[in-house]
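Below is one structure, written out as structure tokens; comments come after it.
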Amino acid sequence: MRFPLFDLGVDEALQGGASWSPGRNKVHVMAKPAAELARIIHGFDECARQRPAELLHSTVQLVGDRSWLTDADLEAACRHLSRVRYAPFLMLFDRIEGGETMALSGGTRNCAAQDFRLAILDALFGHFERLPVYDALPHMTLDTRGCGRPGRLLDQPIAWLVEEFALVESVEGETRHIEWGRWRLRED
């Protein structure tokens, strides 16, 4: 899925002569599993050990990076995200996909999560005219250095009820998150 209001992807932007600077703090809307489940996932052989379990998350949407996002932008995003109404939903991952990165995935089984992402996009477009392109299939990155390792099906799926989401700044090189806001999912 790609909306016309998205910015170019990194590869497309670089081909057009735009500059992209890795090493900047990225801001995401994300869903995090409970601490106990995060510790279980962190125990998988495919999971990077240099990052603490509490940083594991599933990104709903990348908002941008702090080279251009101001505090005022993030405060506006928080106001818009606080208005999101969506019922809690089940997130299910049944495999680890290998390759360049290692990631938990449920393939196309997470329809409610994809629908939730549309609600998040609708809220964010209340402030932002454009957003970075982001993968529409829910996943949880375990290790960014997959080194071509193969994936595998899980013996037992990983599932949790997503009951809240957060706007989080990921601090580059410091393995920590700065939470800008957190909201409970509810239908009303």
Would a scan of segment 1-9 turn up a residue that is in contact with a Lys or Arg (Cβ under 6 Å, 6 or more places away or on another chain), at pLDDT 95 or above and either surrounded by fewer than 16 Cβ atoms within 10 Å (Cβ to Cβ) or farther than 19 Å from Arg130 by Cβ (or both)?
no
Which members of segment 130-175 meet the condition of being of a type in the set (Phe, Trp, Tyr) and in a strand (DSSP E or B)?
Trp160, Phe165
Filter segment 165-185 for residues that are exposed (fewer than 13 other Cβ atoms within 10 Å of the Cβ) and at pLDDT 95 or above and give the result.
Glu179, Arg184
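Taking Ala103 as the residue in question, decide whether it is touching an Asp or Glu at 6+ places or on another chain (Cβ under 9 Å), small (Gly, Ala, Ser) and farther than 18 Å from Arg152 by Cβ.
Here the answer is no, as Ala103 does not meet what is asked.
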If you check Phe93, Phe125, which single one turns out to be farther than 12 Å from Val29 by Cα and either of a type in the set (D, E, K, R) or modelled with pLDDT of 95 or more (or both)?
Phe93
By residue number, the members of segment 32-81 that are touching a strand residue (DSSP E or B) at 6+ places or on another chain (Cβ under 6 Å) and either without any contact (Cβ under 8 Å) to a residue 24 or more places away in the chain or exposed (fewer than 12 other Cβ atoms within 10 Å of the Cβ) (or both) are none
Filter segment 108-130 for residues that are among the small types (Gly, Ala, Ser) and touching a strand residue (DSSP E or B) at 6+ places or on another chain (Cβ under 7 Å); which is farthest from Ile41 (Cα to Cα)?
Ala119
If you scan segment 102-129, which residues turn out to be part of a loop (DSSP other than H, G, I, E, B) and crowded, with 20+ Cβ neighbours inside 10 Å?
Gly106, Asn110
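The values are calculated or read from the model by the stated rules, or taken from the named source; none is laboratory data. All values reported here derive from a predicted model rather than from experimental measurement. Don't worry about glycine lacking a Cβ; one is built from the backbone with ideal geometry, like all the others, and counts go over all protein chains shown.
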